[in-house]
Amino acid sequence: MEAKDKMHDQKVYFCDDEELVSEQMQCLERLYDFNLTRPTEQKKRAEILTKLFAEIGDGCYIEPPLHANWGKHTHLGDHVYANFNLTLVDDTHIYIGNYVMFGPNVTIATAGHPITPALRQKAAQFNIPVYIGNNVWIGANCVILPGVTIGDNSVIGAGSIVTKNIPANVVAVGNPCRILREINDRDKTYYYKNLRFDGE
């Protein structure tokens with residue numbers, strides 16, 4: 001099996017393969033262009049992102065700088081918002097739903113390396129896809145590790161390290177990230193701690 005096939009099959013392969021390195025360079029060139037755009041060049045940014053990602057829905061906004069290993073393995077739904085320094089370690093597929101929000105400095109990693117040092121010296125790697133549902137909010141400085149699924153509507157608190165699946169409709173925080181509570185009716189009245197929405 002070729003290294004390129006193993007990338008998407010959760011198998012260990014060696015990421016210093018010359019063909020992979022050459023192909024990855026195309027992504028890095030596009031990212032360079034995107035990250036050097038001026039704030040007024042929204043149309044240019046949109047055109048670059050269309051070429052960079054596997055899919056990008058309507059109404060998406062990505063604040064530079066953006067970082068990605070491949071770009072073409074990332075799938076974005078509609079109305080995705082990402083603040084600066086989103087890092088996509090997309091050596092295999094990342095699936096992001098509709099109306100997903102990313103705070104600053106979020107990392108989504110599909111790639112890992114064997115624990116045994118001898119294989120790491122040879123640039124051994126494996127990749128497991130990540131799935132993020134609709135209406136998810138990922139707080140600032142979160143890290144989402146390989147193989148994780150986050151369910152619809154859930155909120156991941158700032159600074160969390162998400163090592164395991166998070167179900168739908170919960171608030172989850174911490175390192176490792178754990179469910180704090182379910183999203184409930186109180187959240188329709190209070191938007192932050194004891195701060196109420198206007199008119200309440």
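The values are calculated or read from the model by the stated rules, or taken from the named source; none is laboratory data. For clarity, every value in this text was computed on a predicted model and none was experimentally measured. Cβ sites come from the backbone with ideal geometry, for glycine too, and all protein chains shown count toward neighbours.
Here's a check for you: in segment 1-49, which residue that is among the polar types (S, T, N, Q) and either in contact with a helix residue (DSSP H, G or I) (Cβ under 8 Å, 6 or more places away or on another chain) or exposed (fewer than 13 other Cβ atoms within 10 Å of the Cβ) (or both) is farthest from Leu76 (Cα to Cα)?
Step one: of segment 1-49, the residues among the polar types (S, T, N, Q) are 10, 22, 24, 26, 35, 37, 40, 42.
Add one more test, that the residue is either in contact with a helix residue (DSSP H, G or I) (Cβ under 8 Å, 6 or more places away or on another chain) or exposed (fewer than 13 other Cβ atoms within 10 Å of the Cβ) (or both), and what stays is 22, 37, 40, 42.
On the way: Ser22: 25, Thr37: 21, Thr40: 23, Gln42: 18 Å.
Across segment 1-49, the extreme among qualifying residues is Ser22.
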Item to check | Inter-residue pairs, beta-carbon under 6 Å, first within 17 Å of Glu63 (Cα to Cα) and in segment 85-97, second β-branched (Val, Ile, Thr) and surrounded by fewer than 22 Cβ atoms within 10 Å (Cβ to Cβ), 6+ apart | outcome: Thr87/Thr107
Checklist entry - If a residue has to be farther than 18 Å from Pro146 by Cβ and of a type outside the set (Gly, Ala, Ser) to count, how many in segment 87-103 make the cut? => result 4
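Tell me, yes or no, whether segment 50-67 has at least one residue that is under 22 Å from Thr163 (Cα atoms) and surrounded by 13 or more Cβ atoms within 10 Å (Cβ to Cβ). Quick ask: steps written out before the conclusion?
So the first thing to find is which residues in segment 50-67 are under 22 Å from Thr163 (Cα atoms), and the list is 67.
When the remaining residues are screened for being surrounded by 13 or more Cβ atoms within 10 Å (Cβ to Cβ), the result is 67.
The answer is yes, given that some residue of segment 50-67 is under 22 Å from Thr163 (Cα atoms) and surrounded by 13 or more Cβ atoms within 10 Å (Cβ to Cβ).
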Checklist entry - When segment 109-141 is examined, which residues are found to be at pLDDT 95 or above, under 27 Å from Val12 (Cα atoms), part of a strand (DSSP E or B) and of a type outside the set (S, T, N, Q)? => result Ala109, Ala111, Gly112, Phe126, Val130, Tyr131, Ile132
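Just checking, does segment 117-130 include any residue being more than 22 Å from Leu20 (Cα to Cα) and aromatic (Phe, Trp, Tyr)?
Within segment 117-130, the subset more than 22 Å from Leu20 (Cα to Cα) is 117.
Okay, now just the ones that are also aromatic (Phe, Trp, Tyr), so none.
Scanning segment 117-130 turns up no residue that is more than 22 Å from Leu20 (Cα to Cα) and aromatic (Phe, Trp, Tyr).
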